[in-house]
Amino acid sequence: MGRKVIVVVGATCSGKTALGLKLAELLNTEIISADSRQIYKYLNIGTAKPNTDELDKIKHHFIDYLEPEEEYNVSRYEKEALKILDNLNVSNKIPIIVGGSGLYIRAVVDGIFDNVETDEVLRARLKNTIDTYGVGQLLEQLKLVDPESAAKMLPQNWKRIIRALEVFYLTGKTITEWQKEYKRNIDLEFEIYGLSWNRDVLYKMIENRVDDMINMGLVEEVKKLLKKGYSKDLNSLNTVGYKEIFEYLDNVISLEKAVELIKRNTRHYAKRQLTWFNADKRIKWVNVNGINDIFRLAEKIIMNYEL
RNA sequence: GGGCAGAUAGCUCAGUCGGUAGAGCAAAGGACUGAAAAUCCUUGUGUCGGCGGUUCGAUUCCGUCUCUGCCCA
């Protein structure tokens with residue numbers, strides 16, 4: 001029987017942070033964030049990052065971990081997260097993973113095939129093919145070598161197509177085959193808890209939180225990022241709450257419209273998260289309807305662990 | 001008080017030369033293996049404002065009423 005790891009998932013705004021903090025406090029342990037945006041420095045208000053008090057009180061990993069211009073990927077996340085899980089095990093602490101980035105969670109829980117590194121030269125060449133002949137050319141190539149993954153690819157996802165071809169050209173084996181073969185051997189047992197809210201209530205909370213973000217100075221935060229010289233084309237800034245404010249600052253839309261769009265896009269995001277997590281049958285869903293439910297849940301969860 | 005224009009899906013509107021209707025947005029469902037807060041796919045039945053009339057048949061034409069907006073008094 002492996003070492004236990006507690007995982008907290010759920011839609012944005014569902015109280016994951018609160019539950020994680022409570023659990024970490026009760027179990028005297030640390031939090032491993034699985035959030036592809038809170039991982040970046042200077043994205044605070046718009047990502048609903050834990051505040052400085054909370055970060056001082058409980059040690060958080062992968063918060064303020066990257067500069068906004070840094071490229072990152074799930075495979076790196078998996079490796080680095082596993083290292084932290086090891087360290088915590090050594091010091092006899094039960095790790096708590098908290099986050100809404102489904103792919104990151106999956107990478108840690110199930111692993112992600114990592115036999116094929118990236119090859120920037122090859123990528124550049126493939127990108128060149130796209131620029132000259134269009135993405136259809138690459139999709140045709142992929143159809144020939146790996147029809148199974150080609151069938152799932154859409155032309156708009158050219159980065160995914162490049163990745164699939166990259167894997168094939170570097171190894172002579174398709175990404176589909178690699179995925180099927182992939183098996184990871186780690187001695188960890190993940191307990192995944194999902195926070196479930198009535199959809200209408202969740203949406204209402206999302207809307208309130210967006211209003212709060214504006215009151216807390218989201219527009220100023222975005223202006224500061226621009227002043228620091230960060231481009232809005234950065235992946236880190238292709239984020240709900242930031243891209244809409246860029247539009248407002250460029251006078252494309254009004255602030256009112258930007259707020260409305262942030263609310264809608266956050267709802268859409270929450271829905272995508274739920275679709276993702278609902279597919280994972282290992283998740284233990286807990287209905288909650290307020291912060292007290294979350295504290296009660298924390299108490300209940302820790303009863304399963306000897307202190 | 002008079003005139004004009006509206007009233008159709010949760011919202012904004014289109015349309016039916018009379019055979020009970022369709023777009024965008026919202027919403028819902030889904031996919032996802034090195035961008036993942038990303039990137040995509042699928043889904044449109046609603047007393048066509050109420051009541052009468054004409055008609056085989058009215059959401060569509062006519063009358064009337066109600067409501068909304070604008071204009072004139």
Return a yes/no flag: does segment A:283-304 have any residue that is without any contact (Cβ under 8 Å) to a residue 40 or more places away in the chain, assigned to a helix (DSSP H, G or I) and within 16 Å of RNA strand B (Cβ to nearest atom).
no
Checked against (1) assigned to a helix (DSSP H, G or I); (2) at pLDDT below 95; (3) within 15 Å of the chain's Cα centre (by Cα), A:L103 satisfies every condition except (2)
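Residue-by-condition table, conditions (1) within 15 Å of RNA strand B (Cβ to nearest atom); (2) out of contact with any helix residue (DSSP H, G or I) (no Cβ under 8 Å at 6 or more places or on another chain); (3) within 21 Å of A:G15 (Cα to Cα); (4) of a type in the set (S, T, Y):
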position: A:F190; (1), (2), (3), (4): no, no, yes, no
position: A:I253; (1), (2), (3), (4): yes, no, no, no
position: A:E260; (1), (2), (3), (4): yes, yes, no, no
position: A:H268; (1), (2), (3), (4): yes, yes, yes, no
Since A:S231 meets every condition but one in (1) within 9 Å of RNA strand B (Cβ to nearest atom); (2) small (G, A, S); (3) in a loop (DSSP other than H, G, I, E, B), which condition does it not meet?
(1)
Just to be sure, is A:V7 touching a helix residue (DSSP H, G or I) at 6+ places or on another chain (Cβ under 7 Å) and closer than 20 Å to A:R296 by Cβ?
yes
Identify, from the list A:A81, A:A48, the residue that is within 19 Å of the chain's Cα centre (by Cα), more than 21 Å from A:S14 (Cα to Cα) and in contact (Cβ under 8 Å) with a residue 40 or more places away in the chain.
A:A81
Could you look through segment A:154-188, keep only residues that are part of a loop (DSSP other than H, G, I, E, B) and within 8 Å of RNA strand B (Cβ to nearest atom), and pick out the one that is nearest to A:D114 (Cα to Cα)?
A:Y182
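For the subset of segment A:29-46 comprising residues that are assigned to a strand (DSSP E or B) and farther than 15 Å from A:K228 by Cα, which member is nearest to RNA strand B (Cβ to nearest atom)? Talk me through it step by step, then tell me what you get.
Going residue by residue through segment A:29-46, those that are assigned to a strand (DSSP E or B) are A:31-33, A:40.
If we keep only those that are farther than 15 Å from A:K228 by Cα as well, we get A:31-33.
Values: A:I31: 15, A:I32: 15, A:S33: 10 Å.
Taking the candidates together, the pick is A:S33.
The values are calculated or read from the model by the stated rules, or taken from the named source; none is laboratory data. In this text, all values refer to a predicted model and were calculated from it rather than measured experimentally. Every residue, glycine among them, receives a Cβ derived from its backbone with ideal geometry; neighbour counts consider all protein chains shown.
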